[in-house]
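Notes follow once the structure below has been shown.
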Amino acid sequence: MEGGLFSAHKPTYLLLLLHIFLLALLPFKAISSPRTQAEALLSWKNTFDSAPPSLSSWSLTNLNNLCNWTAIVCEQSSKQVSQIDLSNFNISATLTHFNVTPFLNLTQFNLYGNNFTGPVPSAIGNLSKLTTLDLGNNFFHYQIPVEIGKLTELKYLSFYGNGFSGTIPYQLSNLQKVQFLILGGIYISETPDWSKFSGMPSLTYLDLSSRLDSEFPEFVSKCLNLTFLDLSGNDFIGQIPQQVFTNLGKLEYLSLTNNNFEGPIPSSIGQLRELKYLNLRRNSLNSSIPSELGLCTSLTYLDLTSNHLEGKIPPSIGQLRELQHLDLRENSLASSIPFELGLCTSLAYLDLAYNHLEGKIPPTIGQLIAPQHLDLRENSLNSSIPSELGFCTNLTHLNLTSNLLEGKIPSSMGQLRELKYLDLQMNFLNSSIPSELGFCTNLTHLNLTSNHLEGPIPSSIGQLRELKYLDLRENSLNSSIPSELGLCTKLTYLALSSNHLEGKIPPSIGQLRELQHLDLSNNFLNSSIPSELGFCPSLTYLALASNKLNGELPLSLSNLNTITDLSLFANRFTGPLLPSLLSNWTEVVSLQLQHNSFSGNIPPGIGLSTKLNVLYLNDNYSLPQFRQI
């Protein structure tokens, strides 16, 4: 009889199978019910070093209200947990006490920005429905579990800023749906075997800034949908592969900074037409900057600082009309600054310092109406400062230090009303200081040291009420020190030494109550020290040496009880060194009073200061005692 007993009892047999199946589901339902999930979360919370007050809803009295717990999102129909978001809760705990079994339907698990320690348990690989796993900015250590590679539904995975040892498991490249993979700052101890990694077709965002030591990870150039790639802060060596630029045509952000890449920047970089951010700073790239870079017309940020690049700045850079930030400093670039740079009218930051650039500053730079920061220091630029710079009215920082610039400081500088920092030191500028600088009323730093400037210090300098640092040393400035300087009441540093200044030290200098450093040495000042100088209680450095100053030291100088360096030598001071004058100088390290005409006895306590290292009293010939020092 065909079928026999089985056919005769088929309905009964099927019912038996169904009954067994339903019975098998009972333990799972019991394990994953809202109540068991609540109990599991509460059990985990009880292991926290100190649970934050914001988790007060996680309590025994609230077990039946799980979906209203802080940081919990439930799936509507089953009322079971689908998301746990504990980001930035300042929790100190471990994951080893988290029972994953009741949460097999979890889709999002976010612990970012806490103080979790210990290992990431391999059991987390059982959360097969996870689409988001963020364990970033914690203190997890030990190895990244290979079981993470089982989470094939993941779209977002971050281990950022942890202290893992071991290596990055190649199984992570099994995550073919991952769009965001963030492994930056994890400081692993072993270099991965990149040959075992496969391309990740869904990946758009990859952060691998992890102090890795190898050549360029070859799998990266197979992730064809990448728009964001950060490999900074590693020790990658060798050349940058051509495939990065030929295969990754969707890149918008590329950072390879702080590595050891060498060789040329491939000309194929011009194929990255979507690129907006390019940072190759601090490598050992050599050769020249490829002209094809001008084809990356979407660029807004370009940084090639601290490499060994040589040759010229390609004129094609003028095609980058969207460029806002350009930093090429600390290379060996030669030739002149291309006038086409003036076409980059969106530039807000331009730094070409520490190169070998020569020739003139192109007048077209005046077309850059947006720049706030312009630094051309430490080059060999000659000719004069173009008056067109005055059109860059948004400038806040201008540094032309250590070039071969000559001629005058253009009066158009007075149009730079937003300027805060101006440094023209160590050039060959040979005009007077334009009075129009007084219109730059936001200036906090002005340095014109080591030029050939002549004429008076303009009285309009008193309009610079925000000025904190003024250095006019080593010029040929003459006339007297303007009393209007006393209006610059925020000054902390004032140096006018090594000029041809004459006349008196203006009493108004006593209004500079925040002044810490005053150097008027090596001039032809021929008055006495104004008593008002004692009203500058913050002074730590006072140098009046090598002038023709005379008279007795005013007793008000005893108020300078923070002074550490006092240099009055080579003047014509007279009178006694009163103990009451010196007794308050308890912080003094260097005291130089030689080559004057002081008289009387040497105060007995002058050498008792525990901080005094330098003391010169010689060549005060009024009394024998001084001849014996």
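The values are calculated or read from the model by the stated rules, or taken from the named source; none is laboratory data. Everything numeric in this text was worked out from a predicted model, so none of it was measured. Cβ sites come from the backbone with ideal geometry, for glycine too, and all protein chains shown count toward neighbours. Surface areas here come from the heavy atoms of the whole protein model, side chains and all, with no ligands, DNA or RNA. Shrake-Rupley method; radii C 1.70, N 1.55, O 1.52, S 1.80 Å.
Here are the numbers for this structure:
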{"quantity": "Test item: Cα-centred dipole of the chain, Lys/Arg +1 and Asp/Glu -1 on Cβ, debye", "calculated": "1180"}
{"quantity": "Shape call, the range 337-469: gyration tensor on alpha carbons, a/c limit 1.5", "calculated": "oblate"}
{"quantity": "Accessible carbon and sulfur surface of the range 136-253 relative to its total accessible area, %, 1.4 Å", "calculated": "47"}
{"quantity": "For the range 289-345, size of Cβ-based charge dipole, Lys and Arg +1, Asp and Glu -1, in debye", "calculated": "120"}
{"quantity": "Packing rank of 362-371, 194-203, where each peptide gets the mean count of other beta carbons within 10 Å, highest leading", "calculated": "362-371, 194-203"}
{"quantity": "Estimated FRET transfer efficiency (GLU406, THR191; beta-carbon r; R0 60 Å; 0.05)", "calculated": "0.65"}
{"quantity": "Trypsin sites (Lys or Arg not before Pro) restricted to DSSP loop in the range 387-424 with at most 14 other C-beta within 10 Å", "calculated": "ARG417"}
{"quantity": "Relative contact order (%) - the chain, alpha-carbon pairs under 8 angstrom, separation at least six", "calculated": "4"}
{"quantity": "Principal axis dimensions, largest first and in whole angstrom, of the range 138-223 by Cα", "calculated": "28, 27, 20"}
{"quantity": "Within the range 277-372: Cβ-based charge dipole about Cα centre, in debye rounded to nearest 20 (Lys, Arg +1; Asp, Glu -1)", "calculated": "60"}
{"quantity": "Kirkwood hydrodynamic radius (C-alpha pairs) into Stokes-Einstein, the range 469-547, 4 °C and 1.567 mPa s, D in µm²/s", "calculated": "106"}
{"quantity": "Straight-distance crosslink candidates among aspartates and glutamates, where the alpha carbon sits under 18 Å from LYS420 and sequence neighbours closer than 8 are dropped", "calculated": "ASP351, ASP375, GLU436, GLU466, ASP471"}
{"quantity": "Distance in nm between pseudo-label sites at ASN115 and ASN260 (7 Å out along the Cβ direction from Cα)", "calculated": "3.8"}
{"quantity": "Average accessible surface area per residue within the range 504-545, 1.4 Å rolling probe, Å²", "calculated": "36"}
{"quantity": "Computed E for THR61/GLU587 - FRET, C-beta separation, R0 51 angstrom, nearest 0.05", "calculated": "0.20"}
{"quantity": "Expected 222 nm ellipticity per residue - DSSP helices of 4 or more, -39500 (n - 2.57), all of the chain, to 500", "calculated": "-2500 deg cm²/dmol"}
{"quantity": "DSSP beta bridge pairing in the chain, given as percent antiparallel to the nearest 5", "calculated": "5"}
{"quantity": "Tensor-based shape of the range 300-354 (alpha-carbon gyration tensor, a/c under 1.5 rounded, otherwise prolate or oblate)", "calculated": "oblate"}
{"quantity": "Helix axis angle, 34-45 relative to the chain longest principal axis, alpha carbon, degrees", "calculated": "40"}
{"quantity": "Unpartnered cysteines - no second Cys beta carbon under 4.7 Å - across the chain", "calculated": "CYS223, CYS296, CYS344, CYS392, CYS440, CYS488, CYS536"}
{"quantity": "Cα centroid separation - the range 190-247 against the range 108-132, whole Å", "calculated": "24"}
{"quantity": "At R0 = 45 Å, FRET efficiency that the Cβ-Cβ distance of PHE428 and GLN243 yields, to 0.05", "calculated": "0.35"}
{"quantity": "Fraction in percent of alpha-carbon pairs per bin - 5 Å, the range 227-277", "calculated": "5, 21, 29, 29, 16, 1"}
{"quantity": "Within the range 330-355, backbone nitrogen closer than 17 Å to the virtual label 7 Å beyond the Cα of SER380 toward Cβ", "calculated": "330-338, 353-355"}
{"quantity": "Viscosity 0.692 mPa s, temperature 37 °C, Stokes-Einstein D of the range 366-417 from Kirkwood C-alpha radius, µm²/s", "calculated": "290"}
{"quantity": "Positive-pole candidate from PRO102, PHE140, VAL244, dipole of the chain, charges at beta carbon", "calculated": "PRO102"}
{"quantity": "Compactness of the range 192-268 - radius of gyration and Dmax, Cα, Å", "calculated": "11.5, 31"}
{"quantity": "Kirkwood Rh (inverse of mean 1/r, distinct Cα pairs), the chain, angstrom", "calculated": "30.7"}
